[in-house]
Amino acid sequence: MQRFAFRKRGPPAGSRPGVLALPECPSPRRIHLIDYSPERVDERDVADVEVLAPYRTSASVSWIEVEGLGDEAGLRRLGELFGIHPLALADVVNAPQRPKTETYENHDLVICHMARLGEDDDTCQVEQVSFVVGKTFVLSFQEGHEDVFDPVRTRIREGALVRAQGSDYLAYALIDTLIDGYYPVLEAIGEELEQLEDAAVSRPVPATMAQIHAARRLILTLGRTMRQQRDAVNALVRGESPRIGPEVRVYFRDAYDHAVQISDVLETYRELAISLMEVYLSSVSNRMNEVMKVLTIISTIFIPLTFIVGVYGMNFEHMPELSKRWAYPALWVLMISIGVAMWFYFRRKGWVGAGAAQDAEPEA
């Protein structure tokens, strides 16, 4: 999984409110419009921001997707057309912001973080997605061009329930889909934790410890993000926004339940990651103990043999057995017998061999 470091993009300290800090290497800007009513759907890319002016007060519902935040003039003009507060526009551009909900006079700002798996399913990409919710429109802002909103687009094209609802229901559908996008990430993290558990027990190498740390760091980041995102959705549930109707708050409660469930799973994964670190350290300690036990047994077997060799290595002239022809082979027989006897004694005690393996394995 991907490693994270906090790098906030913002204006210099002491700047006036509403200053935009643009990305150093911005993605090309793309504006995609989906305007719909129960009877029709108009979907197209928009090159000129001025074309969007009528959609602020149109009778239909408009979803305007802004991808790429490098065009300051275009963003400010878009803010003027839709009455976006300068502080809200700054929160959209000066990423990353914490997930939150802000209510302004003419619109609501909902900042969320989108998590999705990379193409190889081995990395997790987290990106800020901001929603500006008006009476008849929803603007979504993000830096990249990849998202998790294809199911919402399909539902709009096919004439599902969303076509008969207002902009508040569209905002719910987008936020709920974004939250549900965490589930594949959770599944990938769960599988990785299982693999790390097996590696921590069978192959406790330093690389395994590094992977455990990376997984724990990712879980902590996602857990903190989801807790804040849960609070942002809860603010919409409590009815702090006049643009969210009572009938749509029921749906937001369902999205809130999903956020709570994901937070609970991430908390469980965090505890598992901590326990994996303990399992790794315990496995390393056990392996070290096994190595020390083997070395101790080998040293113990050679202690009497070393004593015998040391005795007959002394330079005394009167050692009667040295003149016997059978003395040399008898000495070898004696030393081999002592070594074999000690080995069987240790085996009988269960310190080596099958008995030691059975003692090390937990009973089923």
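So for the range 272-279 (the condition being farther than 30 Å from Val201 by Cα, assigned to a helix (DSSP H, G or I) and open to solvent by less than 20 Å² (accessible area, probe 1.4 Å)), does at least one residue qualify?
Going through the range 272-279, the residues farther than 30 Å from Val201 by Cα turn out to be none.
No, every residue in the range 272-279 fails to be farther than 30 Å from Val201 by Cα, assigned to a helix (DSSP H, G or I) and open to solvent by less than 20 Å² (accessible area, probe 1.4 Å).
Would you pick out the residues in the range 229-270 that are open to solvent by less than 70 Å² (accessible area, probe 1.4 Å), touching a strand residue (DSSP E or B) at 6+ places or on another chain (Cβ under 9 Å) and more than 14 Å from Ala173 (Cβ to Cβ)?
Hits for the range 229-270 are Gln229, Ala232, Asn234, Ala235, Ser241, Arg243.
Filter the range 155-201 for residues that are among the β-branched types (Val, Ile, Thr) and open to solvent by less than 40 Å² (accessible area, probe 1.4 Å); which is farthest from Val133 (Cα to Cα)? Talk me through it step by step, then tell me what you get.
Residues of the range 155-201 that are among the β-branched types (Val, Ile, Thr), as a first pass: 156, 162, 175, 177, 179, 185, 189, 201.
Pick out the ones that are also open to solvent by less than 40 Å² (accessible area, probe 1.4 Å) and you get 156, 162, 175, 177, 179, 185, 189.
Details: Ile156: 17, Val162: 15, Ile175: 11, Thr177: 16, Ile179: 17, Val185: 27, Ile189: 33 Å.
Looking at the filtered set, the residue picked out is Ile189.
Can you give me the number of residues within the range 62-91 that are within 35 Å of the chain's Cα centre (by Cα) and not in a helix (DSSP H, G or I)?
Of the residues in the range 62-91, 12 are within 35 Å of the chain's Cα centre (by Cα) and not in a helix (DSSP H, G or I).
Could you list all residues from the range 36-53 that are among the hydrophobic types (A, V, I, L, M, F, W, C), assigned to a strand (DSSP E or B) and under 18 Å from Thr136 (Cα atoms)?
Once the filter is applied, which keeps residues that are among the hydrophobic types (A, V, I, L, M, F, W, C), assigned to a strand (DSSP E or B) and under 18 Å from Thr136 (Cα atoms), the range 36-53 yields only Val41.
Give me a count of the residues in the range 92-107 that are acidic (Asp, Glu) and in a strand (DSSP E or B).
Just the residues of the range 92-107 that are acidic (Asp, Glu), to begin with: 102, 105.
Checking which are in a strand (DSSP E or B) leaves us with 102.
Final tally of qualifying residues: 1.
If Val152 satisfies all but one of (1) open to solvent by less than 30 Å² (accessible area, probe 1.4 Å); (2) in contact with a Gly (Cβ under 7 Å, 6 or more places away or on another chain), what's the number of the condition it fails?
Only one criterion in (1) open to solvent by less than 30 Å² (accessible area, probe 1.4 Å); (2) in contact with a Gly (Cβ under 7 Å, 6 or more places away or on another chain) is unmet by Val152, namely (2).
Check Thr225 against each of (1) open to solvent by 80 Å² or more (accessible area, probe 1.4 Å); (2) in contact with a strand residue (DSSP E or B) (Cβ under 9 Å, 6 or more places away or on another chain) and name the one condition it does not meet.
It is condition (1) that Thr225 fails.
From Glu240, Glu267, Glu271, which residue is free of Cβ contacts under 8 Å to residues at least 40 places away in the same chain and not β-branched (Val, Ile, Thr)?
Values: Glu240 fails: free of Cβ contacts under 8 Å to residues at least 40 places away in the same chain; Glu267 fails: free of Cβ contacts under 8 Å to residues at least 40 places away in the same chain.
Only one candidate passes the filter, namely Glu271.
Give the range 155-172 a look and list any residue that's out of contact with any helix residue (DSSP H, G or I) (no Cβ under 9 Å at 6 or more places or on another chain) and outside any helix (DSSP H, G or I), or say none.
Matches in the range 155-172: Glu158, Gly159.
Consider Pro12 carefully, then state whether it is more than 32 Å from the chain's Cα centre (by Cα), modelled with pLDDT under 90 and open to solvent by 80 Å² or more (accessible area, probe 1.4 Å). Explain how you work it out, then say what you get.
Values: more than 32 Å from the chain's Cα centre (by Cα): no; modelled with pLDDT under 90: yes; open to solvent by 80 Å² or more (accessible area, probe 1.4 Å): yes.
Spelling it out, it is not the case that Pro12 is more than 32 Å from the chain's Cα centre (by Cα), modelled with pLDDT under 90 and open to solvent by 80 Å² or more (accessible area, probe 1.4 Å).
Look at the range 52-62 and say how many of its residues are in contact (Cβ under 8 Å) with a residue 12 or more places away in the chain and open to solvent by 20 Å² or more (accessible area, probe 1.4 Å). Before you say what the answer is, go through the steps one by one.
Pass one, the range 52-62, residues in contact (Cβ under 8 Å) with a residue 12 or more places away in the chain: 52-53, 55-62.
Filter again for open to solvent by 20 Å² or more (accessible area, probe 1.4 Å), leaving 53, 55-59.
Count: 6.
Of all residues in the range 247-283, count the ones that are more than 17 Å from Arg217 (Cα to Cα), modelled with pLDDT of 90 or more, out of contact with any Phe, Trp or Tyr (no Cβ under 6 Å at 6 or more places or on another chain) and not polar (S, T, N, Q).
Residues that pass the stated criteria total 11.
Say we look at the range 108-148 and pick out the residues that are assigned to a strand (DSSP E or B), open to solvent by 30 Å² or more (accessible area, probe 1.4 Å) and of a type outside the set (A, V, I, L, M, F, W, C); which of these is nearest to His32 (Cα to Cα)? Reasoning before the result, please.
First, pick out the residues of the range 108-148 that are assigned to a strand (DSSP E or B): 108-117, 124-133, 137-142.
Of the ones still in play, those that are also open to solvent by 30 Å² or more (accessible area, probe 1.4 Å) are 116-117, 125-127.
If we keep only those that are of a type outside the set (A, V, I, L, M, F, W, C) too, we end up with 116, 125, 127.
On the way: Arg116: 21, Gln125: 22, Glu127: 19 Å.
Step by step, filter the range 108-148, then rank; the result is Glu127.
Quick one: Ser283 ticks every box in (1) free of Cβ contacts under 8 Å to residues at least 60 places away in the same chain; (2) open to solvent by less than 80 Å² (accessible area, probe 1.4 Å); (3) of a type in the set (S, T, N, Q) bar one, so which box is it?
(1)
The values are calculated or read from the model by the stated rules, or taken from the named source; none is laboratory data. Keep in mind that what you see is a predicted model, and the values were worked out from it rather than measured. All Cβ positions, glycine included, derive from the backbone under ideal geometry; neighbour counts span all protein chains shown. Surface accessibility is based on the protein's heavy atoms, side chains included, excluding ligands, DNA and RNA. Shrake-Rupley method; radii C 1.70, N 1.55, O 1.52, S 1.80 Å.
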